[in-house]
Amino acid sequence: MPSFDEVLKEAGEFGRFQKRVFFLLCQTGITFSFLFASVVFLGKAPGNYWCRIPGAAELSERCGWTLEEEQNFTVLPLRLGNGSSNGECERLDVVWDTSVSCASPLTQHSNRSAGNLPLAACHDNWVYKQPHSSIVSEYNLVCGNSWMLDLSQAILNLGFLAGAFTLGYAADRYGRILIYLLSCLGVGICGIIVAFAPNFTVFLIFRFLQGVFSKGTWMTCYVIVTEIVGSDQRIVGIVIQMFFTLGIMILPGIAYLIPTWQGIQLAISLPNFLFLLYYWMVPESPRWLLTRKKGEKALKIMHNIAKHNGKYLSPHYAEITISNEEVSNPSFLDLVRTPRMRRYTLILMYAWFTSALIYQGLVMRLGIVGGNLYLDFFISGAVELPAAILILVTIDRIGRRLPFGISNIVAGIACLVTAFLPEDIPWLKTTVATLGRLGITMAFEIVYLVNTELYPTTLRNFGVSLCSSLCDLGGIIAPFLLFRLAAIWLELPLIIFSILAVVCGLLVLLLPETKGISLPETVEDVEQLS
């Protein structure tokens with residue numbers, strides 16, 4: 001009986017059928033990047049806000065004040081008495097009632113100097129010029145509540161982490177396309193609920209669930225694409241990530257055109273419902289069907305692929321070799337039971353963690369420069385395109401392992417050099433830091449490909465999902481590591497990043513080269529890689 005790769009070669013390894021499926025699934029990369037980076041615009045700092053004095057709303061209505069006039073009566077005395085206070089996190093400890101003069105509301109306190117007026121911390125009575133522009137103004141995530149904005153991003157990463165475990169497992173047990181479609185439905189529904197959440201608790205719950213389902217769409221579409229093309233075309237996985245970068249570049253345009261955070265949330269969530277149409281366009285992975293002893297269904301799909309590719313399968317392809325490995329529900333023990341699987345799993349988990357930690361750390365570090373948020377964000381996405389092009393140029397000529405290791409080492413050296421460059425040549429400091437961003441972006445994109453190629457079909461989706469869960473852990477830790485260490489010394493995070501990256505670069509050189517080899521079908525196949 002012929003093997004699956006032999007049948008795939010005759011049906012076409014990257015024909016019209018695979019190109020169509022590939023293009024359709026690439027759109028998932030765009031929507032995933034929207035959610036991944038959306039907090040930058042959903043949580044944009046409100047331009048102008050202050051703490052309202054009790055009774056000010058009623059007095060303002062009676063006196064016919066504009067918001068600017070109310071702000072002047074509220075904030076100006078604070079600025080006169082305390083130059084450092086802007087009225088955002090504290091207010092005058094007075095109550096305005098109907099007896100207060102519209103022209104001079106502070107007349108009753110005229111016997112005190114401005115510096116002696118009583119003050120109180122603000123808790124829940126903020127006024128915003130643009131009350132629905134971001135979740136910060138919607139849920140009062142300012143002053144003592146500002147840490148809740150970081151919590152919203154940590155919750156999303158926790159959702160990614162949970163999705164990697166649960167939906168990665170489900171895709172290996174119940175099928176790739178079923179879990180993909182259910183995940184798309186979940187992202188859309190949760191996204192709508194997030195947009196209309198009545199309070200911050202509901203917002204967090206459904207943002208977590210949106211993260212769970214979004215991770216399911218991203219990981220599953222990546223595995224489907226990798227499993228239906230030949231070994232020479234598996235770099236399509238890198239191209240999928242170029243669509244992620246494309247999404248990063250499109251997002252600031254969406255945020256610029258839509259003034260409210262609810263509108264942005266709906267714009268990045270609703271496209272997921274369109275992916276439900278893939279039920280009629282994208283088949284189940286035939287590789288997965290074979291591992292579940294469903295050879296007839298796999299063969300039917302292969303005949304359909306051959307037909308669309310203008311090919312014809314020989315009559316003796318009446319049956320395809322089915323893996324002799326007993327299929328059971330995958331578990332973490334399967335990834336560490338044998339010596340080489342154990343080594344590959346531990347190295348890949350460290351690579352995922354390091355890539356995410358450094359990538360997000362450098363993005364946040366470069367983003368703390370002020371300027372035009374929309375333009376800066378667009379440029380930061382455009383910087384990632386050369387990384388994908390470099391990978392496409394080198395990965396089939398040199399292989400996977402060397403570019404993987406070198407990109408990590410370059411990122412580490414760039415971080416170290418940036419830390420010790422003087423502040424009076426900012427252009428050089430920014431250029432070297434950008435080189436570090438380029439290196440870690442390459443490493444981040446290569447780890448997807450290598451991880452997919454090193455696991456057998458029976459464990460591929462679960463293995464990739466489990467290892468990539470360390471990426472989400474890195475994403476949770478990154479902001480805390482960056483800002484806490486920067487408080488000690490601004491460049492200290494770069495020193496940590498450089499050590500992590502160089503160690504990772506050396507470790508990945510211990511992985512086998514996977515250029516041009518067939519995807520392993522069983523654990524035994526993985527153990528035979530050298």
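The values are calculated or read from the model by the stated rules, or taken from the named source; none is laboratory data. Remember, predicted model here, so these are calculated numbers, not experimental data. Note: ideal-geometry Cβ built from the backbone for every residue, glycine included; neighbour counts use all protein chains shown. The protein model used for the area step is the full one, side chains on, heavy atoms only, and it has no ligands, DNA or RNA in it. Shrake-Rupley method; radii C 1.70, N 1.55, O 1.52, S 1.80 Å.
Determine if region 467-477 includes at least one residue that is more than 19 Å from TYR350 (Cβ to Cβ) and in a helix (DSSP H, G or I).
Looking for residues that are more than 19 Å from TYR350 (Cβ to Cβ) and in a helix (DSSP H, G or I), one finds none in region 467-477, hence no.
Got a sec? Which of LEU507, LEU511, LEU529 is surrounded by 18 or more Cβ atoms within 10 Å (Cβ to Cβ), assigned to a loop (DSSP other than H, G, I, E, B) and either in contact (Cβ under 8 Å) with a residue 60 or more places away in the chain or not hydrophobic (A, V, I, L, M, F, W, C) (or both)?
Just one listed residue meets the conditions, LEU511.
Please count how many residues of region 382-433 are crowded, with 18+ Cβ neighbours inside 10 Å and either among the hydroxyl-bearing types (Ser, Thr, Tyr) or on the phi > 0 side of the Ramachandran plot (or both).
2
Go through PHE32, PHE41, PHE14 for me and flag whichever is modelled with pLDDT of 80 or more, surrounded by 14 or more Cβ atoms within 10 Å (Cβ to Cβ) and assigned to a loop (DSSP other than H, G, I, E, B).
So the residue among PHE32, PHE41, PHE14 that is modelled with pLDDT of 80 or more, surrounded by 14 or more Cβ atoms within 10 Å (Cβ to Cβ) and assigned to a loop (DSSP other than H, G, I, E, B) is PHE14.
Output the qualifying pairs, or none if there are none: Cβ atoms under 9 angstrom, residues six or more apart or on different chains, first residue in region 335-348 and within 16 Å of GLN528 (Cβ to Cβ) and open to solvent by less than 10 Å² (accessible area, probe 1.4 Å), second residue among the hydroxyl-bearing types (Ser, Thr, Tyr) and at pLDDT below 85.
Hits for this filter: MET341/TYR455; TYR344/TYR455.
Run GLY263 past the list (1) assigned to a helix (DSSP H, G or I); (2) crowded, with 17+ Cβ neighbours inside 10 Å and report the number of the one that doesn't hold.
(2)
What residue, of ILE258, ILE235, ILE224, is open to solvent by 10 Å² or more (accessible area, probe 1.4 Å) and closer than 26 Å to SER3 by Cβ?
From the options ILE258, ILE235, ILE224, the qualifying one is ILE235.
Go through region 490-530 and give me each residue that's within 18 Å of ASN408 (Cα to Cα) and polar (S, T, N, Q).
Selection gives SER498 alone.
How do the pairs read when you match residues in region 428-440 that are part of a helix (DSSP H, G or I) with residues anywhere that are of a type in the set (Asp, Glu), using Cβ under 8 Å and keeping only pairs 6 or more apart or on different chains?
From region 428-440, the pairs are LYS429/GLU423; ARG437/GLU384; LEU438/GLU384.
Residue-by-condition table, conditions (1) modelled with pLDDT under 85; (2) part of a loop (DSSP other than H, G, I, E, B); (3) under 15 Å from THR31 (Cα atoms):
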site	(1), (2), (3)
LEU246	no, no, yes
MET249	no, no, yes
PRO252	no, no, yes
PRO259	no, yes, no
LEU274	no, no, yes
LEU277	no, no, no
